[in-house]
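Since the structure comes first, as structure tokens, the remarks are kept for the end.
Please treat every number below as a calculation from the coordinates, not as lab data. This one's a predicted model, so the numbers in the text were calculated from it and none came from an experiment. FYI the Cβ positions are ideal-geometry reconstructions off the backbone, even for glycines, and counts take in every protein chain you see.
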Amino acid sequence: MKILVPVKRVVDYNVKVRVAADGSGVETQGLKMSLNPFDEIAVEEAIRLREKGVATEVVVVTIGVQAAQDILRTSMAMGADRAILVKTDDTLEPRAVANALKAIVEREQPGLVCMGKQAIDDDMNATGQILAAKLGWPQGTFASAVSVADGRIEVSREIDGGTEVVSLALPAVVTADLRLNEPRYASLPNIMKARKKPLETLEAADLGVDLASRLTVVSVAEPAERKEGIKLGSAAELVEKLKTEAKVI
Amino acid sequence: MTALVLLEVENGEVRQASRSALTAATRFGDVDAIVFGEGASAAAALPGIKRVLSVPGLATDLAEPAADLLASIAKDYSHIVASASASGKNILPRLAGLLDVQPIPDVVEIKDAETFVRPIYAGNALATVRSSDAIKILTVRGSSFDPAPKDGGSAPVETLDAPVSEKSVFVKVELSASDRPELEAARVVISGGKGMKDAANFKLLEPIADKLNAAIGASRSAVDSGFAPNEMQVGQTGKIVAPELYIAVGLSGAIQHLAGMKDSRVIVAINTDPEAPIFRVADYGIVGDLFEVLPALEKAL
């Protein structure tokens, strides 16, 4: 079985972004960019499934700018076998990304699509679900554990009050949550090896799918800042303040 | 215009976050509600609902049949709304995929019928977006809309048949047993971070939570380190809370965590590091060792 892992290049999770002065968006120029952390977990899980003998090949794909090939190399240094860059300079919404991914799925015919549950830039948490719907495949979102047997995948899902387990007929889409695994670090020899692994580049426009946006960004603003409060000397003083000043207990 | 709101019922009651979603949905005009599984009568008792569509044959979290059913009735609605819960985030984007709509997740403010505000970059920016889709599909943050009352309505209930799900099968659910209020609904939340040092120390939060009738939360790094289960996670990738009082214990205040709690009315921070970012959003801070401060706090309450 082949596993397709869609990945996204995002502002590194340790970097605090700034809103552009004209309110048109967020300043990302010159910021450190990384593989989206949830996608990194998805790459790791796909590699583990190959190492267990469940999968035979792990293909990573990203829809993005030319520079996004760095996260494809990172994924291959972790252990992915090959990569596809679907090049576009436009910022695509999840619906459009899902349309592009659907075209790649039809070309690659994977038995499983494993991807992060959300990208930490737009925080949409939607691409996996939209892709699954468009393919007519079942979905296992927010996965904390997976196991494959007899043409099905059992997915433990993080839900509000605990964990839910579903069994899905393959092919399926699984989206990775935090506890699915702890991604490995790429070793230096593997980073060198990844440079020689195949990376194919396609033009997004050549896929012949609808990449239009349905949302117009009217404005982007800074959230209201909280005022820094006061430091207190003791728990007793805190309780006093909470009772008499904040009147919250 | 008529909106359809997806309501989640738990233990015979409509979840608070769903009642907030109802409040949001009423902004668009008439409201129909849909309930998967049992619980239509609890939904019918909420005020402001024209009719309740009941699908007793469907477990809420199986997205495939739920989205199929919603897609089959979607054309009657201008907006389809759910709370930004695990269930809402599972089902509604799939529905959007079926209808070829771009969903709008985590709405915190409704400007008008097609314009919405939602946080991006872990809440470090607020984007106002306008949707050109004929049907708007949105999930809303419970913390941003007042929950509708639990009673005062008497909507008629219509029962719908559940579509068959062949590709996905529900196996089991394991819910954490807890007598405490739900994180998103609690008036007081006390959360532990990596400073708690291990899972056993999380017990130190319990007597305080008991006294304040508080829910217990955790930071992502505490969850990552195995100190607490994921369903306790507060933050960008966990639950979003805005209680009256939020007490952050041994928790540095990474941007991912602040994303989940900075709209709380009063924030208290207890941390040994006076430079910890959590103090920048806290109304009251105690710089000190949590293992000394917590017992003292319990005594003072």
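Within the range B:100-123, can one find any residue that is under 30 Å from A:S34 (Cβ atoms), assigned to a helix (DSSP H, G or I) and of a type in the set (A, V, I, L, M, F, W, C)? So far as the range B:100-123 goes, yes, one or more of its residues are under 30 Å from A:S34 (Cβ atoms), assigned to a helix (DSSP H, G or I) and of a type in the set (A, V, I, L, M, F, W, C).
None of B:I255, B:I286 is within 7 Å of another protein chain (Cβ to nearest Cβ) and in contact (Cβ under 8 Å) with a residue 40 or more places away in the chain except B:I255.
In summary, helices (runs of 4 or more DSSP H) completely within the range A:54-138 and bearing 3 or more residues that are more than 14 Å from chain B (Cβ to nearest Cβ) and touching a residue at least 40 places away in the same chain (Cβ under 8 Å) occur at A:69-78, A:94-108. Taking the range A:144-193 as the region of interest, the strands (runs of 3 or more DSSP E) fully inside it that hold 1 or more residues being in contact with a helix residue (DSSP H, G or I) (Cβ under 7 Å, 6 or more places away or on another chain), at the interface with another protein chain (Cβ under 9 Å from one of its Cβ atoms) and not aliphatic (A, V, I, L, M) are A:152-159, A:162-169.
If you scan the range B:96-115, which residues turn out to be without any contact (Cβ under 8 Å) to a residue 24 or more places away in the chain, touching a strand residue (DSSP E or B) at 6+ places or on another chain (Cβ under 7 Å) and at the interface with chain A (Cβ under 9 Å from one of its Cβ atoms)? Within the range B:96-115, B:K111, B:T115 meet the criteria.
Within the range A:17-53, the set of residues being surrounded by fewer than 17 Cβ atoms within 10 Å (Cβ to Cβ) and part of a helix (DSSP H, G or I) comprises just one member, A:E51. The condition of being at the interface with another protein chain (Cβ under 9 Å from one of its Cβ atoms) and either farther than 30 Å from A:V155 by Cβ or part of a strand (DSSP E or B) (or both) holds for only one of B:A127, B:A148, that being B:A127.
When you look at B:L175, is it hydrophobic (A, V, I, L, M, F, W, C), loosely packed, with under 15 Cβ neighbours inside 10 Å and either within 30 Å of B:A276 (Cβ to Cβ) or under 20 Å from the mean Cα position of the chain (by Cα) (or both), yes or no? Taking the combined requirement at face value, the residue satisfies it. For the range B:204-228, the set of residues classified as touching a His at 6+ places or on another chain (Cβ under 7 Å) and away from chain A (no Cβ under 11 Å) consists of B:S219 only.
Out of all the residues in the range B:81-89, is one or more without any contact (Cβ under 8 Å) to a residue 60 or more places away in the chain, out of contact with any Phe, Trp or Tyr (no Cβ under 9 Å at 6 or more places or on another chain) and facing chain A (nearest Cβ under 7 Å)?
Scanning the range B:81-89, I find no residue that is without any contact (Cβ under 8 Å) to a residue 60 or more places away in the chain, out of contact with any Phe, Trp or Tyr (no Cβ under 9 Å at 6 or more places or on another chain) and facing chain A (nearest Cβ under 7 Å), so the answer is no.
Quick check on my filter: what residues within the range A:207-235 are among the aliphatic types (A, V, I, L, M) and surrounded by fewer than 14 Cβ atoms within 10 Å (Cβ to Cβ)? A:A212, A:A221, A:A224, A:I230 - these are the residues of the range A:207-235 that are among the aliphatic types (A, V, I, L, M) and surrounded by fewer than 14 Cβ atoms within 10 Å (Cβ to Cβ). Kindly indicate whether B:A122 is crowded, with 20+ Cβ neighbours inside 10 Å, at the interface with another protein chain (Cβ under 7 Å from one of its Cβ atoms), under 23 Å from A:A172 (Cα atoms) and among the aliphatic types (A, V, I, L, M). Taking the combined requirement at face value, the residue does not satisfy it.
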